[in-house]
Every structure is written in structure tokens, then in C-alpha cells.
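A short worksheet on the structure shown next.
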């Protein structure tokens, strides 16, 4: 029988403090400010502890990005295509409407260009979300709600682009309304009438 030792609360607290400090530095001053010395100083946690969590600045940057990526839940397939699609967009809108996300987003974009591994991670995250969307589009085609073979990246740009625009233009308070509108227009474009 294998047992796992409980995670030391102090280790988790120091990791959380370091990630919060790194995120703040990134948002306030950009990727260049994300140095080991600056993160340790801002967090009040020793550099040696930081290196126990991350072997390099790049590893820290990757975790900063991971901690701040939107998470889309899996929806029960029995809900049907339209309810799942609306849930998917609602979950994204919930993330995009968060004022903290709006504050962090531009810094995350810059981080992608600072570190190749971060770019790879964002590409992987995008591919996972597109795979979820592809499965959803396949379900919609099987139900006859949309045509088969829609290109998922184009659909993602059509549905998610307006939400991102809300965030980038400082209108995150409208993102839920825009998400509903985007889904309504997308579905209406394929309804026979």
C-alpha cells in the first residue's frame, strides 16, 4: 500500500506568495521585471525557497502563465449541443469578466513573446480548447444544428474574439451580454427558416 504524504502548508503558502509576487511584477512592470531577485524581494520569500519550487526563471514564468489561464469545464454531453455551447461561452465570459483577468491579460501576451516555453504552453492550451470546441462542433453537426466540417479555429475566432475585444477595450462588464449575442448570432446563421 502506498501512501502520499500531505503537502506541507508552509510550502504551499510560500509557493502562492511567490506566484502572486511574480504575477504582480509581470502586470506592473512587464516580463523583464520578472527576475528571481525581484520576485523574492516582493514576496518576502528567500531565493533559495524560490529555487526549490522552480529551477529557473523560465520555469517560474511558465507557472505564472499556468496559474492565470482560463479554465473551461467539461460539460455533460447529455445537455445537448446548444446548452453545452452556451455553457462553454458563459465559462469563458466568467473568466474574461473578472477584473483581475482584464488586468493580467496584456502582461500574459507580452510574456508569450519573452519566453519560447511560454509560447509553447499557450499554444498547447489553445489546442486543448480548440479540441474541446471541435468535439462540441461535431456534436452540433450530429444533432443537425450546424453543418459538419466547420473549421474550429474560425469558429473560435468568431465566438471568442468578441469576448477578448471586450476585455482589451476596457468593457469587461459587457462580456456576458456579448457572449450571449455571439452564440445567438452563430446559431441563427445555421437555422433553417
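Of (1) part of a helix (DSSP H, G or I); (2) out of contact with any helix residue (DSSP H, G or I) (no Cβ under 8 Å at 6 or more places or on another chain), residue 20 satisfies all except one. Which?
For residue 20, the failing item is (2).
Mind listing just one residue for me: the one in the stretch 29-45 that is without any contact (Cβ under 8 Å) to a residue 24 or more places away in the chain and surrounded by 12 or more Cβ atoms within 10 Å (Cβ to Cβ) and, of those, nearest to residue 109 (Cα to Cα)?
Out of the qualifying residues, it is 29.
Look through the stretch 76-85, keep the residues that are surrounded by fewer than 18 Cβ atoms within 10 Å (Cβ to Cβ) and in contact with a helix residue (DSSP H, G or I) (Cβ under 9 Å, 6 or more places away or on another chain), and return whichever of them is farthest from residue 147 (Cα to Cα).
Per the criteria, the residue is 76.
From the list 46, 93, 59, exactly one residue is over 28 Å from residue 11 (Cα atoms) and either at pLDDT 90 or above or outside the structural domain of residue 154 (by TED's automatic domain parsing) (or both). Which is it?
After applying the criteria, what remains is 93.
Going through 124, 134 one at a time, which residue ends up being over 28 Å from residue 78 (Cβ atoms) and in the same structural domain as residue 89 (by TED's automatic domain parsing)?
From the options 124, 134, the qualifying one is 124.
Consider residue 107 carefully, then state whether it is under 30 Å from residue 189 (Cα atoms), in the same structural domain as residue 127 (by TED's automatic domain parsing) and touching a residue at least 24 places away in the same chain (Cβ under 8 Å).
Considered against the rule, which asks whether it is under 30 Å from residue 189 (Cα atoms), in the same structural domain as residue 127 (by TED's automatic domain parsing) and touching a residue at least 24 places away in the same chain (Cβ under 8 Å), residue 107 comes out as no.
Since residue 49 meets every condition but one in (1) in a helix (DSSP H, G or I); (2) under 30 Å from residue 186 (Cα atoms); (3) over 13 Å from the mean Cα position of the chain (by Cα), which condition does it not meet?
The number of the failed condition is (2).
Looking at 102, 117, 148, which is the one that is in contact with a helix residue (DSSP H, G or I) (Cβ under 8 Å, 6 or more places away or on another chain), on the phi < 0 side of the Ramachandran plot and in contact (Cβ under 8 Å) with a residue 60 or more places away in the chain?
On inspection, the qualifying residue turns out to be 102.
The values are calculated or read from the model by the stated rules, or taken from the named source; none is laboratory data. Just so you know, these numbers come straight off a predicted model, no measurement behind them. Here Cβ is always computed from backbone atoms with ideal geometry, including for glycine, and neighbour counts include all displayed protein chains.
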